[in-house]
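Enquirer: Okay, here's the structure, questions in a sec.
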Amino acid sequence: MNCKEFENRIPDFLDDKLNKKQANDFFAHMHECKDCMEELRIQYLIKEVPLRIEDGESFDLNSELDLKIEKTKKAIKKRSAANTVIYIMEAIAIVAVIFILFLVFTRGR
Ligand SMILES: [Zn+2]
């Protein structure tokens, strides 16, 4: 991912719309490119500050952004774990179907 692509993805990241692959690329570039990290912080401020001023509560958007990044990373990991479980369940289901077909055919003879 280059800087231009990163910039284009920022709104999607802020709206939690990145898929796993996109989020991985996004974070990889974010960690190696200070300019883009800065751009992300600025865009986050632009998006959040007007909302917060309406709320009238005090806020620390820099740590909130860090938190959001951590949350998204955790969500990616969780999703991969869930995918692994799904693969295993599918494998078991396929084996079960083959086994049942095997029983049906051998009984038919
Ligand atoms: Zn960059």
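The values are calculated or read from the model by the stated rules, or taken from the named source; none is laboratory data. This one's a predicted model, so the numbers in the text were calculated from it and none came from an experiment. Please note: Cβ atoms are built from the backbone with ideal geometry, for glycine as well, and neighbour counts cover all protein chains shown.
Let's see how each residue does on (1) small (G, A, S); (2) assigned to a helix (DSSP H, G or I); (3) more than 16 Å from the ligand (Cβ to nearest atom):
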| residue | (1), (2), (3) |
| --- | --- |
| D16 | no, no, yes |
| Q22 | no, yes, no |
| H29 | no, yes, no |
| Y44 | no, yes, no |
| K47 | no, yes, yes |
| T84 | no, yes, yes |
| V104 | no, yes, yes |
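Enquirer: Here is a further query. Please go through the range 60-82 and pick out each residue that is over 20 Å from N19 (Cβ atoms) and either in a helix (DSSP H, G or I) or touching a residue at least 40 places away in the same chain (Cβ under 8 Å) (or both).
Expert: Those that are over 20 Å from N19 (Cβ atoms) and either in a helix (DSSP H, G or I) or touching a residue at least 40 places away in the same chain (Cβ under 8 Å) (or both): L61, N62, S63, E64, L65, D66, L67.
Enquirer: Please list, ordered by first then second residue, the pairs with beta carbon atoms under 7 Å, 6 or more apart or interchain, first in the range 29-51 and closer than 13 Å to E64 by Cα, second of a type outside the set (A, V, I, L, M) and surrounded by fewer than 12 Cβ atoms within 10 Å (Cβ to Cβ).
Expert: R41/N62
Enquirer: Which condition from (1) modelled with pLDDT of 95 or more; (2) more than 16 Å from the ligand (Cβ to nearest atom) is the one that C36 breaks?
Expert: Every condition holds for C36 apart from (2).
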